[in-house]
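Comments concern the structure below.
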Amino acid sequence: MLRIENLQRAYGDLTALAGVSFEVRPGEIVGLLGANGAGKSTLLRTAAGLQPPDAGHVFVAAHDVWVDHLAARAALGYAAEEPSFHEELSAAEHLAFIATVRGLDPHEAQIRARLLATQLDLDSRLDDPVRSYSHGMRKKVSFLAAILHRPAVVLCDEALEGFDAPSALAAKDELRTLARDGAAVLFSSHVTETVERLCDRIVLLHGGLVARTMTRAEWGAPADAHSPLERLFLDLARGATP
Amino acid sequence: MTLTRPDPAGALRRLHQRLMARRLAALNGRMRVVLVSLATLLGAFTFWQARIPFDGAHRAGGAIATLRLEAFALAAAAFAAGSLAHWRQSALVARLPGPEWLALPVPAALVARHLLTESRLPALAAVPLAFALWLAGLDLMPWLWSALLWVAFLVAWLECTRLGAALARFARSRGDGAAGALPPLMRLLVPGHRQHRIRAVAPPRWRRGSPTLAVARLDRTLSWRSPGPRARLFGAIIASALSSAAWWSGAPPLLARAQSFVGFTIASALLGGWAVVRTCEDPADLLRQLPLSFGALWRARFAQLVVVLALFALVQAALATAFPVPARIGQWLTWFIPGLAIATLGLHYAITLHPRGEIAENLYYGWLGVALCASLMIPLMGWAVLIVGLVHSSLRLSRWHTPEAR
């Protein structure tokens, strides 16, 4: 579903990616780990069609991102690390614009946007201009826009950083739901605990190369998808006595 | 950690030097040649335009008359420099990195000086023009007068830019609430001061439509809400209204038509400016991750330019009642096509330089300036320059697909 082949990218003398290859199968959530400067964001931005590679290919739903632009992007959702918006638009206007460009049914898209916004605790501010939003709220809008169309491939670049705990829980549940429905999710984060509990597999980048890939069984992931604190939040949300 | 004597003034000086070096390095060889050529051409044009009236003044009133006229022209250049510094300072303080500056033990006066230095950069554009003015009057008065005049201009340039920047800071630093008690520059830096009252907007209508239509709707919304495109759009409407007013000026029909055409051309140029600003305001990372083709973007904006300019030209043709109907149809066509060429030049530079709006706008207006000068030197030559610009910008359109090659 998402296939990365021999991806190479350098910034002058600095090699960010030196021939990275791996794939994310449908229904799989793959965590992308690596130190600062390991090339995670470069990889995700290249896969999202935001910056061209020096060599190699990225296939999204069998479409080369840098050849078959539109078909690849139609199947893709990208939640950016530093999202940018038309600051004068409200989040609802931004989402309505994206829904039209993506050719979504207006009624269904509106209902899904409202539902997701409620889950992310953003519904009361949907009609405020984006320029009035905090960092966390901007990240929520970016995440919401990335998954609004139930994409076949989701790319998350530190997507949950800045989310409050209940919203992070809701976002992770939504990613699991998308994966269950057949989406391939590539999730980059510095928070190893999130990756540990959310992902089915990890790809560890080091020196611009894939240093290692591991499955849940190999790293001994906890059986519970939620941490004890997350469980506490969930119980509170469900009205149970903690 | 061993502490040494802090030297914020030296640190800011070195920061400025490094910034200048980076900016120079960012201009490639071709761009430097283009900028030097533009400055030389505009300087030569200014010299040629100023020399004739200076010489006339010298014949009529001697050296003192030339001195008066040249002093007036140089004062205008200094005033223009002050206006540029004011504009640049306004833009700088609108997005000042307040918390970063506040966190440093740097005196407010040094921050103000740094901001002033940054604002003076665009005001340097007035210097080659002033130099050309000065050269034009050099042999028409005693050498000492000329030398003193140049020194006076330099002093006026420094003071006008200082005043322009100070006025911009003052306008922005009028504080309210707790921020009102702070010194002016601190008020600028406190981020809470820049928080505007946020009003929710009406919920959008979720509608079906092509990506082209979605972009056109986006433009309509943002052209009213965002100050950059709004100012240019209103400017175009006002220029078009002035163009219409020319028909009632009482001038002979041919002269009225010429006056009206000037207004129409300015309206077209401002509409091209709208296309530049509106296009370059689109966040690159947002657009490029969407299944939105270059064709959809181009069509959406080109169609809007066609509609607005066709309407502007139609109004002028309708008002040209002194001419027979076939002549008015001809006028509509012969105005609409060049107007569209001007505005399309802006659109093409915006698309090929997106999201670097400032560079796109400079290139666009620079090209129009050269075309205007060419037309003043040799009638109709400006249109040839414009066509060359349009071809050049159209050839660059394929760069949209390779963002980092731009």
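The values are calculated or read from the model by the stated rules, or taken from the named source; none is laboratory data. All values reported here derive from a predicted model rather than from experimental measurement. Counting neighbours? That spans all protein chains shown, and the Cβs are built from the backbone with ideal geometry, glycine included.
Taken over the range A:144-174, the criterion of being of a type outside the set (A, V, I, L, M, F, W, C) and either under 18 Å from A:VAL58 (Cα atoms) or part of a loop (DSSP other than H, G, I, E, B) (or both) is satisfied by A:HIS149, A:ARG150, A:PRO151, A:ASP157, A:GLU158, A:GLU161, A:GLY162, A:ASP164.
If you go through the range B:251-271 one residue at a time, do you hit one that is without any contact (Cβ under 8 Å) to a residue 24 or more places away in the chain and either among the aromatic types (Phe, Trp, Tyr) or closer than 21 Å to A:HIS94 by Cβ (or both)? Checked against the condition, which is being without any contact (Cβ under 8 Å) to a residue 24 or more places away in the chain and either among the aromatic types (Phe, Trp, Tyr) or closer than 21 Å to A:HIS94 by Cβ (or both), the range B:251-271 yields no hits at all.
Assessment of the range A:120-133 against the conditions (out of contact with any Leu (no Cβ under 8 Å at 6 or more places or on another chain), more than 8 Å from every other protein chain (Cβ to nearest Cβ), buried (at least 23 other Cβ atoms within 10 Å of the Cβ) and not polar (S, T, N, Q)) yields no matching residue.
For the range A:210-233, the set of residues classified as at pLDDT 80 or above, aliphatic (A, V, I, L, M) and in a helix (DSSP H, G or I) consists of A:ALA217 only.
Matching residues to (1) more than 14 Å from the chain's Cα centre (by Cα); (2) surrounded by 15 or more Cβ atoms within 10 Å (Cβ to Cβ); (3) at pLDDT 90 or above; (4) away from chain B (no Cβ under 14 Å):
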residue: A:LEU17; (1), (2), (3), (4): yes, yes, yes, yes
residue: A:PHE22; (1), (2), (3), (4): yes, yes, yes, yes
residue: A:LEU32; (1), (2), (3), (4): no, yes, yes, yes
residue: A:ALA35; (1), (2), (3), (4): yes, no, no, yes
residue: A:LEU44; (1), (2), (3), (4): no, yes, yes, no
residue: A:ALA47; (1), (2), (3), (4): no, yes, yes, no
residue: A:ALA55; (1), (2), (3), (4): yes, no, yes, yes
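Of the residues B:LEU135, B:LEU154, B:LEU149, the single one that is modelled with pLDDT of 90 or more, under 30 Å from B:ASP7 (Cβ atoms), assigned to a helix (DSSP H, G or I) and more than 22 Å from the chain's Cα centre (by Cα) is B:LEU154. For the range B:151-169, which positions are surrounded by 12 or more Cβ atoms within 10 Å (Cβ to Cβ), without any contact (Cβ under 8 Å) to a residue 40 or more places away in the chain and over 14 Å from B:ARG113 (Cα atoms)? Listed by number, the list holds a single entry, B:LEU154. Scanning the range B:205-244 for residues that are more than 9 Å from every other protein chain (Cβ to nearest Cβ), β-branched (Val, Ile, Thr) and farther than 24 Å from B:TRP332 by Cβ yields one hit, B:THR212. For the range A:73-89, a tally of residues being crowded, with 24+ Cβ neighbours inside 10 Å and either aromatic (Phe, Trp, Tyr) or in contact with a strand residue (DSSP E or B) (Cβ under 7 Å, 6 or more places away or on another chain) (or both) returns 5.
Once the range A:99-118 is narrowed to residues that are crowded, with 19+ Cβ neighbours inside 10 Å and more than 7 Å from chain B (Cβ to nearest Cβ), the residue that is farthest from A:ASP173 (Cα to Cα) is A:LEU104. Of all the residues in the range B:323-370, those that are within 10 Å of B:GLY272 (Cβ to Cβ) and touching a Lys or Arg at 6+ places or on another chain (Cβ under 9 Å) number 4.
So, of the residues in the range B:221-230 that are part of a helix (DSSP H, G or I) and under 22 Å from the mean Cα position of the chain (by Cα), which turns out to be surrounded by the fewest Cβ atoms within 10 Å (Cβ to Cβ)?
Here is the first cut: in the range B:221-230, the ones part of a helix (DSSP H, G or I) are B:221-225, B:227-230.
Still in the list and also under 22 Å from the mean Cα position of the chain (by Cα): B:222-225, B:227-230.
On the way: B:LEU222: 21, B:SER223: 18, B:TRP224: 12, B:ARG225: 15, B:PRO227: 10, B:GLY228: 18, B:PRO229: 22, B:ARG230: 16.
Out of the qualifying residues, it is B:PRO227.
In this structure, is B:ARG172 at pLDDT 70 or above, touching a Pro at 6+ places or on another chain (Cβ under 6 Å), surrounded by 12 or more Cβ atoms within 10 Å (Cβ to Cβ) and charged (D, E, K, R)?
Details: at pLDDT 70 or above: yes; touching a Pro at 6+ places or on another chain (Cβ under 6 Å): no; surrounded by 12 or more Cβ atoms within 10 Å (Cβ to Cβ): yes; charged (D, E, K, R): yes.
Against the criterion (at pLDDT 70 or above, touching a Pro at 6+ places or on another chain (Cβ under 6 Å), surrounded by 12 or more Cβ atoms within 10 Å (Cβ to Cβ) and charged (D, E, K, R)), B:ARG172 does not qualify.
The single condition among (1) within 14 Å of chain A (Cβ to nearest Cβ); (2) closer than 21 Å to A:THR100 by Cβ that B:PRO355 does not satisfy is (2).
Among the residues of the range A:190-209, just one is under 19 Å from A:ALA170 (Cβ atoms), modelled with pLDDT under 90 and in a loop (DSSP other than H, G, I, E, B), namely A:VAL191.
Taking the range B:273-293 as the region of interest, how many residues are in contact with a Gly (Cβ under 9 Å, 6 or more places away or on another chain) and not in a loop (DSSP other than H, G, I, E, B)?
Initially, the range B:273-293 is screened for residues in contact with a Gly (Cβ under 9 Å, 6 or more places away or on another chain), giving B:273-281, B:288-289, B:291.
Now narrow it down to the ones that are not in a loop (DSSP other than H, G, I, E, B): B:273-281, B:288.
Count: 10.
Looking across the range B:269-311, just one residue is within 14 Å of chain A (Cβ to nearest Cβ), within 17 Å of B:GLY357 (Cβ to Cβ), buried (at least 23 other Cβ atoms within 10 Å of the Cβ) and aliphatic (A, V, I, L, M), and that is B:VAL277.
Of the residues A:LEU76, A:LEU95, A:LEU33, A:LEU50, which is over 16 Å from A:PRO151 (Cβ atoms) and not β-branched (Val, Ile, Thr)? Don't jump to the end; show me each part of the working.
Numbers: A:LEU76 fails: over 16 Å from A:PRO151 (Cβ atoms); A:LEU95 fails: over 16 Å from A:PRO151 (Cβ atoms); A:LEU50 fails: over 16 Å from A:PRO151 (Cβ atoms).
A:LEU33 is the lone residue from the list that is over 16 Å from A:PRO151 (Cβ atoms) and not β-branched (Val, Ile, Thr).
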